[in-house]
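Here is the structure we will look at.
The values are calculated or read from the model by the stated rules, or taken from the named source; none is laboratory data. These figures come from a predicted structure and were not determined experimentally. Reconstructed Cβ throughout: ideal geometry from the backbone, glycine too, with neighbour counts over all protein chains shown. Heavy atoms of the whole protein, side chains included, go into the accessibility calculation; ligands, DNA and RNA do not. Shrake-Rupley method; radii C 1.70, N 1.55, O 1.52, S 1.80 Å.
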Amino acid sequence: WWLQCLINFNIDKYSAVSAWKGCSRDYYDFELEGNIVEVKTTKTKEPRKVVINNENQLDDQDGESLHLFVLTLRKLNDGGVSLPGLVNQIRTSLVGYETAESAFEHSLIDAGYLDMHASDYSIEYIVKKEELFVVKHGFPRLVQIPSGLGDLKYSLMVSACKNFEIDRDIYLKELLKIINDNS
């Protein structure tokens, strides 16, 4: 979903696809020019929560900025978007951009997605809410881990992040400006 957001916002298609790091099991899902976005989805009712899978996912020491994008979904029987449908939307967006197309196909394989298994992902969802939070001092997260602890996984209540919410389109405009200034 975030990759489609980048593409829809006229981020260079190859740069957008190359920013997807989650497919290669990196700490973060997306990184573009040092700007990191961790993407989480939830289908839970209130209080909504997302799972932070390790102690480094919300560590903002590695880049220029770190953001958490939370996508709240509701399962539908018909009329929503499935994972294969989203993959096909992105493929359509990349037609005519061969390097981006090739990079996307390689990233899908790295993520373990094969078209022959598309029927396994037939569940359709509707997006109920998209929220983008800047992760910085004061954001609810584990940052100072006592010696001897590791492999940490925890739940983050989305409502606890409200003071850090920013407008997605403003962030994407700023990101586009950074990319254009650096090219």
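Below is a table of values for the structure above.
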item	result
Reach of Lys13 by Cα under 17 Å, taken over lysines that are not fewer than 8 positions away in the same chain	Lys21, Lys173, Lys177
Mean-position separation - Cα centroids, segment 1-77 and segment 107-173, in angstrom	5 Å
Protein accessible area in segment 1-147, 1.4 Å probe - carbon and sulfur %	48 percent
Helical contribution to [θ] at 222 nm, DSSP H n ≥ 4, -39,500 (n - 2.57), averaged over the chain, rounded to 500	-9000 deg cm²/dmol
Antiparallel content of DSSP bridges confined to the chain, in %, to 5	70 percent
Rg ratio (alpha-carbon, reference 2.2 N^0.38 Å) - the chain	1.05
Peptides ranked, highest mean first, by Cβ atoms within 10 Å: ranges 32-40, 45-53	32-40, 45-53
Candidate lysines for bridging to Lys162, where Cα separation is under 17 Å - those fewer than 8 sequence places away on the same chain excluded	Lys40, Lys45, Lys49, Lys128, Lys129, Lys136
Accessible area (Å², per residue) of segment 143-183, counting only protein heavy atoms and a probe of 1.4 Å	73 Å²
Amide H partners (placed H, <5 Å) of Leu76, local residues excluded	Glu124, Tyr125, Ile126
Cα Rg, Dmax (largest Cα-Cα span) when computed across segment 119-162, Å	16.0, 45
For segment 1-119: accessible area per residue (Å², 1.4 Å)	52 Å²
